[in-house]
Amino acid sequence: MDILQYAWLIPLLPVLGFIIIGFFGGRMKEGGAPVAIIAAASACVLSIWVGIEILLRDLATPDEAFVMQTTWLQLTDDLTIEFGIYLDNLTAMMLIFVSILIFLIFVYSIGYMHEEGARKRRYYAEVCLFATGMFGLVVASNYLEMFIFWEIMGLCSYLLIGFWNHRPSAASAAKKAFLVTRVGDVMLMTGIIILFIEFGDLNYTHLFDRAIVDPSMGTLPWDNLQIAMLLIFGGAIGKSAQFPLHDWLPDAMEGPTTVSALIHAATMVKGGVYLVARSFPLYVQVPDVLLVIAIIGGVTAIFAASMALNNMNIKRVLAYSTISQLAYMMLALGAGGYAFYYLGYADGYSASTFHMFNHAFFKALLFLCAGSVIHAVGTEDMRKMGGLSRKMKVTSIAMLVAALSISGIPPFSGFWSKDEVLASVWNAAEANSMFYLLWALGAITAFMTAFYMFRLWFMTFAGEEGEACKHAHESPASMAGPLVVLAVFAFSSGFALFIGDGFLSRIFFGHAHDITSMELLGEIFTDWKTYLSVGLAVAGIVLAYYMYVKRSVNVDNVITSPGGAKVYKTLQQRYYFPQAFDGIGLKVIYPVAKVVDYFDKNGIDGIVNGVSGSITGFGRRLSKAQTGNVHNYAAVVIAGLSVILILAYLVGGL
Amino acid sequence: MIPIEYFLGFAAILFVIGAYGVMTAKNGIVVLMSVEIMLNAANMNFITFSSFFNDSRGQAFALISMAIAAAEVAVGLAILLNLYKSRGTTDIDEVNIMRW
Amino acid sequence: MFDYWLTMLILFPMLGAILAFMMGSRTNWARAIAVAFSAIPLVITLFLFTQFNMGGGMQFEEQYVWISTALGDKAFTIYWSLGVDGLSLPMVLLTTLVTFIAVVFSWDVSKRGSQYFALLLAMNAGVMGVFMSMDYFLFYIFWEFTLIPMFFLIAIWGGPRKAYSSIKFFIYTHVASLAMLLSIFALFFEASTGNFLMKDIAQVAPNIAKDLQLMIFAGLFIGFAVKMPVVPFHTWLPDAHVEAPTAGSVLLAAVMLKMGAYGLIRIALPNLPVAALEFQMFMFAIAAISIVYATFACLAQTDLKKMVAFSSVGHMGFVMLGIATLTPLGLTAASFQMFAHGLITAVLFMACGVIQHSAGTREIPLLGGLAQKMPNLSAFMMIGFMASLGLPSLVGFVSEFATFLATYQAFGMLVWVVLISVPLTAAYHLWAMQRSIFGPLTDKIDTSHLYDVHWYEAAALGTMCLLLLVFGVFPGLIWDYFSPYANELADLISSFASCMGVI
């Protein structure tokens, strides 16, 4: 039995869960949670099985994907949309971490969502549907299929951000998330349309074959490809919350923390990165677009990190951190592709996907720990927390692991991938010195990341007991369990680099690093840049320690100085992006709509009513001729008769 | 033999007198009588042409038109009688409720 | 083999209408009759689907001489001629289905129930006639006949401005129909076939001189564009919808608007290909304006139902856009969009109807937090709204995507003009939901009597929502019926395009 033939079951299992919970969840225990967990568990087993099967294939043909398709819609005689599965090493990696996270977070939800009552049914139904979307996105075999699942995820994101939709802020955040990503989706859809018309096919196999195999490269309509790939990246910007469409993600924290962990940290927001990675064979044909990707990545990384520096909401800090880390992945992809085009190797591709893999674990862990804290203290404001490490041992240690990991302290997982990311950017600078600047941005971001992450940890777990922490206690086993498991992953997922012949030799583009684990270790630890980035991270941690634990570094006078206050406020106001979005909506689009409405009522309908009014008015005036006086009628009859007779005489010669 | 122009001229004069009466008279009964005169002018023409062209259909028409005139007067007088009963007048200028 | 299926499809609702009308004050009887006599055509239609030979052209044809007379020295004949092909069969299904749903939804209509049901059934018969007529004279008669039940539905069961709206609806569409009638006569005389049969006239009409084609096309276009409607001929629609009772709105938007688009595809394009090519950019412009204009207008509406009505204008703009491409893909997409919009808009109007009944108002600023008291309605409404804004896996996406695809294929980057509307469409739908069903429960109206959907409302809404999903996941079920006709039509037009190029 070849398990790969049954990979299409992976997205199907959660949808079964969705249907069962949707109809019968109300009558089940915990609103159908067992069904959701069974669905997630079976999908997880199948995913890992499929993933390992793929990864362990004979590496003679690493680019070869397992494809199985059936016709979905015959649009015209020569345009066909297929549905099917496309499994290669990237898919396998995605399947593995996505399924593990979905399963763990579902388990965690039992404890976290326990008090939600009847709403639990909706929650579990929607997360099941989300799992369908995510698995579908990963295994999809063509762009349109991918887009369909992409949008299903978007819908679930909308529904789950608005889970407490009776709160105006949640309803508003949900709308914002949907609309902002929708802007990206329109670009993505247009890109897909251009690809479809220009290449006559949307299947990955077909498109990639044409892009890779065709050595002349002259047969592809390159201008259109460039536009299409740029537009597809537009979709990725929206989904992965990159500048300038990043602003929905912090607001998305209005949803339950499990949702933030699952959708807005570990899986869905990776969709954009996955999309670019998936389309890499096409991207490497258009280096200018890759440069744009790298620049957006570099700018977003530092931009988002800066907003995390002074935020007081524990979840929002993590949200900015997510944006910043996703930007790292984009940066690496852009750099890798650019290097591939000009230099012939794409180490950024492996670095990016590797970072995505690690980030999924430690960021999900960070969110779940934050959820555990929020569950215990009932607030998201870090100023009301503090000293929790005594009461919540498991949570605090798990979060410390995650924070060390994201900060890039060896040997935690984040170190390995972050180092690879920065190295790949540095390498790309050989082709374009712009990448030196981007590398510098990435390095500064590493410092900022370590700082705000430990600021968060210290404010929450260290120091004096906060006002909201009186009755705090460790979370139940269903929550703590996943934390422990994830902490193990967050610590160790970086060692994937050394298992067997390692991550880089399995998930790569072009050719793999042809080196052994030991050589790789040597390469990493003989490079001054490694020490620089670790040093920056340690500096960030130390600074946070002195600011928030020892309190020996006091920045109050900087913050209260006129310039400092302005910067502080700008960061707090998120560079005024929310105001800008509101402004576009309320001050530009809505007034235009009002004008259109006015024009409709008074312009177009005015003409319609005017025509009918003038006709009835004319009739009313003409009716005055009906005097009711018989003499008038007789006079008119005779006058008319006379006129006719005279005319007949003159004209007809009567 | 009297030329045909005399008959036709006589009929025309009768018709004009009738038309003048219809247009000027205030009393409804006078209007009805004027209408009768106009009808008789038409009958005159029928009979004239019947006689000159030796075609008896004209005379038949004249008879039909007389019968219709009688019926018309009956209806007209009935209307006027009712009008007089309800309004106390036969002055048709005062009866104009059928206007716009 | 029984040969009278299509006549049965018209006769059954007509008979039902008469019977229901005769029930007088016995509303329960009238309702039972209405359910039965709207279910029978639905069953017949589904049966016809099983017998239908896909891509086999006109089928189940019936043709009887109806009126045979002479005009001057020319004899001419009017036939009772019916037939369905891949284009009309799905439309017939839509009509029977939506009528049945509307009847079920109107379960407890209290005012003059028997007449209400009778009019719904009469409407059904008329629209079926339009979709199945293969004779222009018959087509026109049914076309005009549909006005009558709709006029009374609005004028008797309508809202506060029902007199204004019903008369506006009637006169506006009727005047436009006269322009269409003139064009039909012109076709008849130019073709000089001695009958009004569509297939006979279509043999000759494409060769009519270009100038004359343009004039005939203009007349037909006015008739169909008003019915669809597209900007700037749309203003009767929001008024009619706002005042119409829910079932009336459902039939009006889901079925009656389709007559206009159907007419363009069935009559204007195949008979006048040269004019269609000349009008191509004009149609594109009208479509683009409709879509963008309606989207902005939706954003400004405060009446939920008026917003939905304007969204219909936008969606019919997509149909026009698909038609304007004159390609197989575009024409199929336009046909599919007609079908999709019929399903979607029925859900939207029924949801508005439930809110109207339950909350007593449809003013968005007065609503809020309805999801807390009406969770089922909110779910249905959300599915409808999501389908309307083009969410993949629901039926609206397929037609939207295909239309954009066809637009890019035919007009290149001009597709951007239309694409602006996509986020804005999402915006007004989500904004309306945010203000009406989310947030804290409103205190501006008395919420103590709010009720969630009744069983018959749930049945009607649930069925339609399920179909939105079914046809969204398996669009091929309907798409494959449309494409043969669209291919044939596009081939015809492109053959004339090459001729024009040569000359």
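The values are calculated or read from the model by the stated rules, or taken from the named source; none is laboratory data. All values reported here derive from a predicted model rather than from experimental measurement. Note: ideal-geometry Cβ built from the backbone for every residue, glycine included; neighbour counts use all protein chains shown.
Return the pairs, sorted by first residue and then second, in which the second residue is assigned to a helix (DSSP H, G or I) and basic (Lys, Arg), the first residue lies in segment C:276-303 and is away from chain A (no Cβ under 14 Å), the beta carbons are less than 8 Å apart, and the residues are 6+ apart or on different chains.
C:Glu278/C:Lys210
Just to verify a result, which residue in segment A:593-611, among those that are at the interface with another protein chain (Cβ under 7 Å from one of its Cβ atoms) and more than 14 Å from C:Pro232 (Cα to Cα), is nearest to the chain's Cα centre (by Cα)?
Quick first cut of segment A:593-611, residues at the interface with another protein chain (Cβ under 7 Å from one of its Cβ atoms) only: A:593-594, A:596-597, A:600, A:604-605, A:608.
Next, from what is left, pick out any that are more than 14 Å from C:Pro232 (Cα to Cα): A:593-594.
Details: A:Ala593: 30, A:Lys594: 33 Å.
So, considering only residues that are at the interface with another protein chain (Cβ under 7 Å from one of its Cβ atoms) and more than 14 Å from C:Pro232 (Cα to Cα), the one nearest to the chain's Cα centre (by Cα) is A:Ala593.
Out of C:Ile184, C:Ile141, C:Ile156, which single residue is assigned to a helix (DSSP H, G or I), under 20 Å from the mean Cα position of the chain (by Cα) and of a type in the set (Val, Ile, Thr)? Break it down into steps so the answer makes sense when it comes.
On the way: C:Ile184 fails: under 20 Å from the mean Cα position of the chain (by Cα); C:Ile156 fails: under 20 Å from the mean Cα position of the chain (by Cα).
Answer to the check: C:Ile141.
With respect to A:Thr70, determine if the residue is of a type in the set (Ser, Thr, Tyr), part of a helix (DSSP H, G or I) and touching a residue at least 12 places away in the same chain (Cβ under 8 Å). Working first, answer last.
Values: of a type in the set (Ser, Thr, Tyr): yes; part of a helix (DSSP H, G or I): no; touching a residue at least 12 places away in the same chain (Cβ under 8 Å): yes.
Considered against the rule, which asks whether it is of a type in the set (Ser, Thr, Tyr), part of a helix (DSSP H, G or I) and touching a residue at least 12 places away in the same chain (Cβ under 8 Å), A:Thr70 comes out as no.
Assess whether C:Leu391 counts as being at the interface with chain A (Cβ under 9 Å from one of its Cβ atoms), in a loop (DSSP other than H, G, I, E, B) and under 15 Å from C:Gln337 (Cα atoms). Walk me through how you get there before you give the answer.
Values: at the interface with chain A (Cβ under 9 Å from one of its Cβ atoms): yes; in a loop (DSSP other than H, G, I, E, B): yes; under 15 Å from C:Gln337 (Cα atoms): yes.
Yes, satisfied.
How about segment C:4-43: which of its residues are touching a Gly at 6+ places or on another chain (Cβ under 6 Å) and closer than 18 Å to C:Val130 by Cα? Give the derivation first.
At the first step, the residues of segment C:4-43 found to be touching a Gly at 6+ places or on another chain (Cβ under 6 Å) are C:10, C:27, C:30, C:33, C:37.
Scanning segment C:4-43 gives a single hit, C:Ile10.
Scanning for something more than 14 Å from chain C (Cβ to nearest Cβ), free of Cβ contacts under 8 Å to residues at least 12 places away in the same chain, in a helix (DSSP H, G or I) and surrounded by fewer than 24 Cβ atoms within 10 Å (Cβ to Cβ), does segment A:91-105 turn up at least one residue?
Filtering segment A:91-105 down to residues more than 14 Å from chain C (Cβ to nearest Cβ) leaves A:91-105.
Filter again for free of Cβ contacts under 8 Å to residues at least 12 places away in the same chain, leaving none.
No.
Tell me yes or no: at least one residue of segment C:118-135 is within 15 Å of the chain's Cα centre (by Cα), part of a helix (DSSP H, G or I) and surrounded by fewer than 21 Cβ atoms within 10 Å (Cβ to Cβ).
No: zero hits.
Would you tally the residues in segment A:147-172 being part of a helix (DSSP H, G or I) and facing chain C (nearest Cβ under 10 Å)? Give the steps one after another, and end with the answer.
Of all residues in segment A:147-172, those part of a helix (DSSP H, G or I) come to A:147-161, A:168-172.
Filter once more, so that each one left must be facing chain C (nearest Cβ under 10 Å): A:147-152, A:154-155, A:158-159, A:168-172.
So the count comes out to 15.
Residues A:Gly344, A:Gly334, A:Gly348: which one is at pLDDT below 90, buried (at least 24 other Cβ atoms within 10 Å of the Cβ) and not aromatic (Phe, Trp, Tyr)?
Values: A:Gly344 fails: buried (at least 24 other Cβ atoms within 10 Å of the Cβ); A:Gly334 fails: at pLDDT below 90.
A:Gly348 is the lone residue from the list that is at pLDDT below 90, buried (at least 24 other Cβ atoms within 10 Å of the Cβ) and not aromatic (Phe, Trp, Tyr).
Is it true that A:Trp416 is surrounded by 24 or more Cβ atoms within 10 Å (Cβ to Cβ), assigned to a helix (DSSP H, G or I) and not aliphatic (A, V, I, L, M)?
Numbers: surrounded by 24 or more Cβ atoms within 10 Å (Cβ to Cβ): yes; assigned to a helix (DSSP H, G or I): yes; not aliphatic (A, V, I, L, M): yes.
Yes; evaluated as a whole, the condition is true for this residue.
Can you find a residue that is within 14 Å of chain A (Cβ to nearest Cβ), surrounded by 16 or more Cβ atoms within 10 Å (Cβ to Cβ), in a helix (DSSP H, G or I) and touching a residue at least 24 places away in the same chain (Cβ under 8 Å) anywhere in segment B:3-13?
From segment B:3-13, those within 14 Å of chain A (Cβ to nearest Cβ) are B:12; that's our starting set.
Narrowing further to those that are surrounded by 16 or more Cβ atoms within 10 Å (Cβ to Cβ): none.
Scanning segment B:3-13, I find no residue that is within 14 Å of chain A (Cβ to nearest Cβ), surrounded by 16 or more Cβ atoms within 10 Å (Cβ to Cβ), in a helix (DSSP H, G or I) and touching a residue at least 24 places away in the same chain (Cβ under 8 Å), so the answer is no.
Being among the aromatic types (Phe, Trp, Tyr), within 12 Å of A:Phe509 (Cβ to Cβ), in the same structural domain as A:Lys384 (by TED's automatic domain parsing) and in a helix (DSSP H, G or I): is that true of A:Phe340 here?
Working: among the aromatic types (Phe, Trp, Tyr): yes; within 12 Å of A:Phe509 (Cβ to Cβ): yes; in the same structural domain as A:Lys384 (by TED's automatic domain parsing): yes; in a helix (DSSP H, G or I): yes.
It is true that A:Phe340 is among the aromatic types (Phe, Trp, Tyr), within 12 Å of A:Phe509 (Cβ to Cβ), in the same structural domain as A:Lys384 (by TED's automatic domain parsing) and in a helix (DSSP H, G or I).
Looking only at segment B:51-100, how many residues end up being under 20 Å from the mean Cα position of the chain (by Cα) and in a helix (DSSP H, G or I)? Walk me through it before giving the result.
Residues of segment B:51-100 that are under 20 Å from the mean Cα position of the chain (by Cα), as a first pass: B:58-81, B:90-93.
In the following step, the residues that additionally are in a helix (DSSP H, G or I) were identified as B:58-81, B:92-93.
Matching residues across segment B:51-100 total 26.
Quick check on this structure: which one of C:Asp491, C:Asp452 is among the acidic types (Asp, Glu), surrounded by fewer than 23 Cβ atoms within 10 Å (Cβ to Cβ), within 21 Å of C:Met381 (Cβ to Cβ) and more than 9 Å from chain A (Cβ to nearest Cβ)?
Working: C:Asp491 fails: within 21 Å of C:Met381 (Cβ to Cβ).
Answer to the check: C:Asp452.
Per-residue answers, yes or no, for (1) surrounded by fewer than 22 Cβ atoms within 10 Å (Cβ to Cβ); (2) within 14 Å of chain A (Cβ to nearest Cβ); (3) touching a Ser or Thr at 6+ places or on another chain (Cβ under 9 Å); (4) farther than 20 Å from C:Glu144 by Cβ:
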| site | (1), (2), (3), (4) |
| --- | --- |
| C:Ile171 | yes, yes, yes, no |
| C:Leu178 | yes, no, no, no |
| C:Leu181 | yes, no, no, no |
| C:Phe196 | no, no, yes, no |
| C:Ala202 | yes, no, no, yes |
| C:Asn207 | yes, no, no, yes |
| C:Lys210 | yes, no, no, yes |
| C:Ala225 | no, yes, no, no |
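Are any residues in segment C:361-382 more than 10 Å from every other protein chain (Cβ to nearest Cβ) and in a helix (DSSP H, G or I), and if so, which ones?
C:Ile364, C:Pro365, C:Leu366, C:Leu370, C:Lys373, C:Asn376, C:Leu377, C:Phe380, C:Met381
Which one of A:Ile323, A:Ile293, A:Ile314 is outside the structural domain of A:Gly136 (by TED's automatic domain parsing) and in contact with a strand residue (DSSP E or B) (Cβ under 9 Å, 6 or more places away or on another chain)?
Values: A:Ile323 fails: in contact with a strand residue (DSSP E or B) (Cβ under 9 Å, 6 or more places away or on another chain); A:Ile293 fails: in contact with a strand residue (DSSP E or B) (Cβ under 9 Å, 6 or more places away or on another chain).
Matching residue, one of A:Ile323, A:Ile293, A:Ile314: A:Ile314.
Among the candidates C:Ala402, C:Ala346, single out the residue that is more than 9 Å from every other protein chain (Cβ to nearest Cβ), under 30 Å from C:Ala486 (Cβ atoms) and of a type in the set (Gly, Ala, Ser).
Details: C:Ala402 fails: more than 9 Å from every other protein chain (Cβ to nearest Cβ).
After applying the criteria, what remains is C:Ala346.
Here are some conditions: (1) over 30 Å from C:Ser290 (Cβ atoms); (2) away from chain B (no Cβ under 13 Å); (3) surrounded by fewer than 12 Cβ atoms within 10 Å (Cβ to Cβ). A:Pro578 meets all but one. Which one does it not meet?
(3)
Just checking, how many residues over segment C:31-57 are surrounded by fewer than 16 Cβ atoms within 10 Å (Cβ to Cβ) and part of a loop (DSSP other than H, G, I, E, B)?
Going through segment C:31-57 one residue at a time, the tally reaches 5.
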